[in-house]
Each structure stands twice: as C-alpha cells, then as structure tokens.
C-alpha cells in the first residue's frame with residue numbers, strides 16, 4: 001500500500017529538489033501544492049499521510065497551515081522543510097505539531113534518517 | 001522571468017539564493033553567537049539604467065557606504081553591497097569590532113560585509129550548481145555617498161543586474177544590507193548553462 | 001607527473017615562496033608555518049606546531065581575528081585583509097629598515113578555507129604578502145598627486161588672474177587710446193572753433209551795422225513814392241521782417257553760447273588727458289576736481305547730487321593727469337554706491353605739509369571683510385564683466401607714487417569716505433620757483 005505524500009512549496013524547483021531527495025524505491029503517491037491554501041484544500045480531502053511543508057509562502061504560510069491542521073486534529077505527519085533555519089523557527093514548528101525540521105537543501109541521507117527514526121520508512 | 005534566463009532557470013536561481021542565504025544565516029548565527037535571522041532575499045532582475053533608482057528605493061534619501069568584490073570561475077561578475085551608516089555600525093559590532101570605529105575600521109567593516117554576504121550568496125549559489133568560484137579581494141566604492149551616486153549606469157558594461165535585499169534581525173535590532181549582483185551580459189549564458197545542468201539532475 | 005612528485009613540488013613552493021603561508025585548525029592551533037613566517041617571526045615551524053596562534057602572538061587583535069577565521073570555517077569562503085585599512089596582523093620588521101619610514105611590515109592577507117571531501121572546512125590557510133614596497137610607492141604617488149593637484153589648482157588661479165590682467169590691460173589700453181583720440185580730436189577741433197568764434201564776432205558786428213542802416217532806411221520810407229512803398233511793405237510782410245530783426249540777435253547769441261560750451265569741453269578734455277603737458281606740475285587740486293566732474297558729469301548726473309565743500313588748500317606738486325584719474329575713479333565708484341540716488345560730497349583741506357581731498361558718498365557702504373581687501377588688485381564685488389577690480393588698486397598705487405596715502409572708512413548702510421592725502425612738495429621739479437612763488441605767504 002503506497003504512502004500518500006503532499007509536497008507544499010511555492011517554488012517548483014524546491015518541490016523537484018525534494019522529490020529527488022526521497023528514497024527512489026519508496027512506494028508513494030505524490031501530490032503537490034504551491035501555497036498554504038491549496039495545501040489545506042488537499043489535506044481536507046483526507047488522503048494525505050505525510051506532508052513536507054515549506055514556511056515562507058504566499059497566501060497562507062507554513063505556520064498558518066500548521067495552525068489549521070492543529071485545529072482540525074492534525075491527521076497527518078508534518079515535516080517542515082525550510083531555508084529559514086533560525087532556531088526559533090524550528091522550536092515554533094515543533095511546538096505546533098511538526099515532527100521534524102529539515103533545512104534546505106534537503107540531503108537524501110538526512111531525510112531518510114528522519115523518516116526511519118519516525119518509522120515512516122522501514 | 002529574469003532577462004536572459006528562462007522561467008525554470010529563474011525559479012532555480014531564486015530557490016538557490018534562498019537556500020544559500022539561509023545556510024549563511026545559520027552559519028553567521030553560530031559565529032556571531034547571537035540570534036541572527038537572515039531573511040530570505042528578495043531577488044529581482046533590474047535594468048542597469050535603473051540601478052541608481054533601485055538603490056535609492058532600498059535606503060531612502062540618506063547617505064550610504066558601498067563596497068564591491070569580484071568573483072570568477074564557473075561564472076563571473078561583481079557583487080556590490082550598500083549599507084547605511086547605522087547598519088554598518090551595527091554589523092561592525094557583530095563582527096567583533098569594539099568601541100568607536102576609526103576611519104580605517106569603518107572601511108574594513110565595509111570590505112568584510114561585502115566579503116561575507118557576497119560569499120554567502122554567490123558562493124551558496126555556486127556550490128549548489130557545482131561551480132567553482134573564487135573571490136578577489138574586496139574594495140571600497142565610497143562612504144557617505146548619495147544613493148544615486150553609488151553606481152553610474154553609464155560606466156557599466158552591462159544591461160541588467162540581479163538585486164538582492166537581505167535583512168538581518170539581531171536580537172531586538174534589525175540591520176539591513178543590500179546586495180546587487182552584476183553579471184556581464186555574456187556571463188548570463190554561463191550561469192544559464194549551470195542552472196540547466198542543475199535542473200537536469202532534478203529531472204533524471 | 002605522479003602524486004608524490006606533486007606533493008614535493010607543492011611543499012617546495014609553500015616553503016620557498018616569498019609569501020607568508022600558515023594554517024590553523026578550528027581551535028586556532030597552528031598546523032602549518034612556512035619559512036617566510038619562520039624568518040620574520042623568529043619562531044620555527046617545529047617550535048610552533050600545535051601551539052595556539054593567539055597565545056603565541058599576543059599582539060594579534062584576538063576578538064576580531066577569531067571571528068574572521070571562524071567565519072571562514074563556517075561559511076567556507078575566502079576572507080581578506082588589506083594594509084590600507086589594517087596595516088598588519090603580525091608585527092614583523094619590514095624590508096626597508098633604513099629608507100622605509102614605516103613602523104612594521106605592511107601586510108595583505110588572504111584567508112582560504114581548506115575543505116575535506118565532504119566540503120567541511122578543516123583548516124584555514126592564511127597567506128601573508130609583504131606590501132611595504134608597494135605601499136611606499138603608493139604613498140609617494142599619493143603625495144605626488146596631492147602636490148601636483150595643488151600646483152594645478154594654483155596654475156588654474158594664475159590663469160584666471162592672467163586672463164583678468166589681460167582684460168584689464170586691454171581695457172586700460174582702450175581707455176588710453178580713447179583718451180588720446182579725444183585729446184587729438186580736441187586739438188583738431190580747437191582751430192576751426194577758433195575761426196568760427198572769430199567769424200561769429202565779425203558776423204555779430206556786421207549784423208549790428210546792417211541793422212543800423214536798416215533803421216535809417218525805415219525812417220525815410222514815408223518819403224518814397226506810393227508804388228515803391230507798397231512794394232517794400234509787401235516784401236517785409238513776405239519775409240516777416242519784424243521777426244527776422246529780433247531773431248537775428250537771438251540766433252547769434254545762442255550760437256555764441258553753444259560755441260562757448262564746445263570750447264569749455266575741448267579745454268577740459270585737453271586738461272584731463274594732459275597730452276600737451278604731462279609730468280610733474282604745480283596744480284590746483286580744486287581745479288582738478290572741477291575738470292574731472294565736468295568729464296564724468298554724464299556718468300553721474302542721474303545718480304548723484306554733487307556737493308563741494310572746498311577749503312582752498314595751497315597748490316600741490318603732482319602729476320595732474322594721474323590725480324584726475326584717481327578722482328575720476330573715486331567719483332564714479334561713489335556714484336555706483338547708491339541703490340537709487342544719493343549725494344557725493346567733495347571736500348578739500350590742508351593739514352601740515354599735506355593737502356587732502358575727501359570723496360564721500362551716503363551709499364550702501366562696504367562690509368568690513370571687504371574693506372581690508374578693497375585696494376588689492378583684482379578684488380571686485382561687481383558682477384563678472386562689469387568691473388575689473390583694478391580701479392582702486394590703480395588709485396592706491398598712483399597715490400603711493402605721490403608719497404601720499406589713500407585711506408577709506410565705511411559703514412554698511414551709511415556710506416563710504418575715501419581720503420587722499422598728498423604732500424605739497426616733492427622736489428621733482430628741481431628749482432621750482434613757480435611753486436615757491438605760489439606758496440610764498442605775504443608777511
């Protein structure tokens with residue numbers, strides 16, 4: 001059974017870079033959203049299991065998405081992926097329910113380690 | 001879209017600059033042992049003839065100091081930094097200068113600012129497109145300049161330039177520096193090729 | 001070329017290069033120290049390996065340099081220092097112990113990140129270049145440029161002054177030739193005026209005689225036959241004889257007056273330019289003033305009322321042409337001091353062995369900062385092109401040549417007063433009986 005993944009980033013390049021960093025032989029279906037509002041729409045359809053979330057985006061930003069998810073029961077795993085690497089940012093998103101914070105550019109080994117750590121990838 | 005670059009290349013450049021500055025912010029916070037938040041740069045491609053107006057719109061009608069540094073290798077160009085006196089003094093404190101700055105120290109701070117920010121930004125981009133980039137020693141453009149006098153577009157051998165505005169948030173203070181990356185017309189192609197190679201690695 | 005050979009070559013270059021090369025790890029411990037550094041610091045690589053850079057060299061600016069090196073470790077980028085902003089890192093003796101004049105070797109440094117295969121910075125390599133020679137040359141060049149800039153500025157000033165002087169010369173030559181022309185014209189006009197004058201006198205007498213004859217004719221008119229009387233009366237009426245009779249005298253009088261005026265102008269012109277009699281003379285300064293006022297009357301008529309307060313001083317030995325020029329300058333200057341119209345007062349008087357003349361105006365006055373410079377050549381407050389700035393300096397020099405004094409007092413808003421003080425005797429005229437005679441006071 002494949003894992004349903006949502007990649008949220010306003011930069012198409014960033015979305016591509018993240019796809020490249022995912023384990024190549026992992027059985028997943030990928031959806032993409034280019035801003036927070038779109039991400040929430042897709043999330044509300046109920047199929048998303050794992051969300052890679054950028055912080056700086058137009059319309060609703062990453063923090064806004066986390067707020068909505070928290071209010072609606074946080075029904076998926078969120079990993080924040082951002083170039084904004086200040087320590088406060090990390091603390092804040094972890095407090096808001098994200099399980100991990102990965103700095104850009106995403107390094108495949110680091111990402112896989114996080115996925116294994118949380119049992120998402122066996 | 002950036003002049004001379006297609007939509008994909010422009011998007012890639014923006015993302016790579018974001019990442020480069022993000023990494024630099026993290027590294028600077030470590031060195032400066034302060035909570036430094038380096039904003040994601042606002043990137044724009046501007047017509048060379050509009051550069052004086054652009055600099056004026058960055059800082060407003062106030063005297064500025066400016067320095068420059070050349071880079072060469074995978075792609076060639078110059079990076080230019082413009083700061084106000086207040087921001088220069090704030091950055092000097094972060095760099096370990098103590099007390100009142102004398103004239104030579106004020107100049108040195110300006111050279112260091114362009115070296116660190118230029119290195120972070122251009123170096124960050126170069127690293128991600130796997131280009132080797134070297135830097136020449138930075139030099140001073142001038143102090144207490146009218147923002148309109150920093151660049152004389154008539155003396156520029158280029159048509160377009162890449163501008164980045166970088167903000168530092170340090171504790172309760174906010175320091176701002178403005179970067180402009182100048183690429184010679186014939187170097188935009190070299191950068192485009194590098195960006196294409198990078199994009200290919202994503203498609204493969 | 002194999003790797004071993006490359007390593008030997010690299011080691012050799014680092015060791016023998018005329019460039020300081022050293023490297024530190026992240027704890028600032030020295031891991032590389034080349035021969036150049038050994039020679040100049042007096043500390044060998046062997047003795048330094050592993051020791052801390054900052055404890056070994058306490059003269060280094062620690063807090064700043066640490067951050068600089070740390071930034072190279074963290075960012076993986078180059079960093080630089082330049083002697084122009086920071087003369088040196090290490091206090092090394094320089095290679096110009098005798099001729100240098102600088103306290104230590106001036107240094108340019110480059111900080112290079114040495115990365116491992118993962119891209120992490122392992123060491124920072126620092127190269128140190130001796131810039132003393134270059135710096136000295138640059139300093140001398142800068143000094144030379146400053147000097148040559150200063151010289152160029154002075155030359156520029158001189159060129160402006162020369163230009164002014166040229167214009168002034170041109171102007172004064174023009175004035176001089178106009179003066180000569182005027183004097184020549186005056187001389188030429190003098191003769192015709194003479195015979196016109198004498199003819200006019202004869203004409204007047206002849207007309208008077210004719211009128212006498214006419215009076216007799218008219219008294220005998222009634223005795224003529226009727227026809228002749230009618231003819232005469234008709235002609236008289238046609239030519240308006242009664243009017244002609246009256247007008248003749250008036251015409252002659254007006255002509256005599258006009259001619260008198262012309263003669264006075266010609267005499268003043270000759271007097272003023274003194275082409276016929278230059279050099280030292282015994283002169284009546286009050287007459288000089290009158291002559292000058294006549295010449296410039298057109299210039300000042302609409303600007304000033306002239307008041308004379310003459311003290312009838314003795315005659316003075318002077319060059320009247322030159323004194324006239326001084327007076328003319330002062331009077332014309334005074335007339336330019338009024339925003340609209342004002343009064344110029346000319347006073348004369350005697351003071352010991354001196355005679356003085358004052359030219360006073362009630363105009364705008366001269367600010368004290370200008371008052372000190374007013375007699376300097378080329379000093380002018382008039383708009384460019386209208387004044388040469390030489391008028392007053394020429395006056396000053398003329399008065400000085402007369403061994404006299406030209407002074408000024410002025411108050412802004414109240415006016416200015418120029419005072420010429422001239423010695424009565426000079427002895428320039430040798431045995432001047434005329435002068436002595438002029439001054440002999442009857443007992």
### Query
Among the residues of the stretch C:349-363, how many are surrounded by fewer than 18 Cβ atoms within 10 Å (Cβ to Cβ) and more than 13 Å from residue C:420 (Cα to Cα)?
2
#### Entry: Sole residue being within 18 Å of the chain's Cα centre (by Cα), more than 9 Å from chain A (Cβ to nearest Cβ) and at pLDDT below 80, chosen from B:42, B:50
B:42
### Query
Does the stretch C:267-283 contain any residue that is assigned to a helix (DSSP H, G or I) and modelled with pLDDT of 80 or more?
no
### Query
Quick one: how many residues across the stretch C:117-154 are loosely packed, with under 11 Cβ neighbours inside 10 Å, in the same structural domain as residue C:16 (by TED's automatic domain parsing) and modelled with pLDDT of 90 or more?
0
### Query
Got at least one residue in the stretch B:116-131 being more than 14 Å from chain C (Cβ to nearest Cβ), closer than 22 Å to residue B:46 by Cα and modelled with pLDDT under 85?
no
### Residue that is closer than 20 Å to residue C:422 by Cα, assigned to a strand (DSSP E or B) and in contact with a helix residue (DSSP H, G or I) (Cβ under 6 Å, 6 or more places away or on another chain), where the choices are C:327, C:346
C:346
### Summary
Subset of the stretch A:55-95, residues in contact with a strand residue (DSSP E or B) (Cβ under 6 Å, 6 or more places away or on another chain) and at the interface with another protein chain (Cβ under 10 Å from one of its Cβ atoms), comes to A:55, A:85, A:86
## Note on the structure
Expected single match for surrounded by 19 or more Cβ atoms within 10 Å (Cβ to Cβ) and either at pLDDT 85 or above or in contact with a helix residue (DSSP H, G or I) (Cβ under 8 Å, 6 or more places away or on another chain) (or both) among C:314, C:367, C:320 is C:320
### Query
Can you name the condition, by its number, that residue C:222 falls short on among (1) in contact with a helix residue (DSSP H, G or I) (Cβ under 8 Å, 6 or more places away or on another chain); (2) surrounded by fewer than 12 Cβ atoms within 10 Å (Cβ to Cβ); (3) modelled with pLDDT under 85?
(3)
### Task
Give me the pairs, please: first residue somewhere in the stretch A:106-122 and assigned to a helix (DSSP H, G or I), second residue anywhere and surrounded by 12 or more Cβ atoms within 10 Å (Cβ to Cβ), beta-carbon distance under 6 Å, and either six or more positions apart or on two chains.
A:108/A:21; A:111/A:21; A:112/A:23; A:114/A:100; A:115/A:121
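Rundown of residues vs (1) within 16 Å of residue B:72 (Cα to Cα); (2) away from chain C (no Cβ under 14 Å); (3) touching a strand residue (DSSP E or B) at 6+ places or on another chain (Cβ under 6 Å), yes/no style:
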| site | (1), (2), (3) |
| --- | --- |
| B:95 | no, no, no |
| B:108 | no, no, no |
| B:133 | yes, no, yes |
| B:140 | no, no, yes |
| B:157 | no, yes, no |
| B:160 | no, yes, yes |
| B:185 | yes, yes, no |
| B:193 | yes, yes, no |
| B:201 | no, yes, no |
### Query
Which residue out of C:14, C:21 is assigned by TED's automatic domain parsing to the domain that holds residue C:118, modelled with pLDDT under 90 and touching a strand residue (DSSP E or B) at 6+ places or on another chain (Cβ under 6 Å)?
C:14
### Task
Kindly check whether there is at least one residue in the stretch C:173-193 that is surrounded by 10 or more Cβ atoms within 10 Å (Cβ to Cβ), at pLDDT 90 or above and part of a helix (DSSP H, G or I).
no
### Task
Would you list the helices (runs of 4 or more DSSP H) that sit entirely within the stretch C:1-116 and hold 1 or more residues that are surrounded by fewer than 17 Cβ atoms within 10 Å (Cβ to Cβ), free of Cβ contacts under 8 Å to residues at least 12 places away in the same chain and within 60 Å of the chain's Cα centre (by Cα)?
C:62-75
### Summary
The one condition residue A:98 fails out of (1) more than 28 Å from residue B:10 (Cα to Cα); (2) touching a helix residue (DSSP H, G or I) at 6+ places or on another chain (Cβ under 6 Å); (3) part of a loop (DSSP other than H, G, I, E, B) is (2)
### Qualifying residues in the stretch A:96-105 (those that are without any contact (Cβ under 8 Å) to a residue 60 or more places away in the chain and within 23 Å of residue A:43 (Cβ to Cβ)) - the one farthest from the other protein chains (Cβ to nearest Cβ)
A:97
### Query
Out of curiosity, is residue A:108 at pLDDT below 90, within 14 Å of chain B (Cβ to nearest Cβ) and closer than 21 Å to residue A:4 by Cα?
yes
### Task
Please work out if residue B:90 is more than 16 Å from the chain's Cα centre (by Cα), more than 10 Å from chain C (Cβ to nearest Cβ) and farther than 30 Å from residue C:62 by Cβ.
no
### Summary
For the stretch B:6-39, the count of residues that are facing another protein chain (nearest Cβ under 8 Å), in a helix (DSSP H, G or I) and either at pLDDT below 75 or in contact with a strand residue (DSSP E or B) (Cβ under 8 Å, 6 or more places away or on another chain) (or both) equals 13
#### Entry: Criterion (crowded, with 18+ Cβ neighbours inside 10 Å, at pLDDT 70 or above and assigned to a strand (DSSP E or B)) met by exactly one of C:420, C:398, C:374
C:420
### Hits in the stretch B:53-80 (condition: within 14 Å of another protein chain (Cβ to nearest Cβ) and touching a helix residue (DSSP H, G or I) at 6+ places or on another chain (Cβ under 8 Å))
B:65, B:67, B:68, B:69, B:71, B:73, B:79
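The values are calculated or read from the model by the stated rules, or taken from the named source; none is laboratory data. Predicted model only: the values in this text are computed from it and were never measured. Note that we place each Cβ from the backbone using ideal geometry, even for glycine, and neighbour counts take in every protein chain shown.
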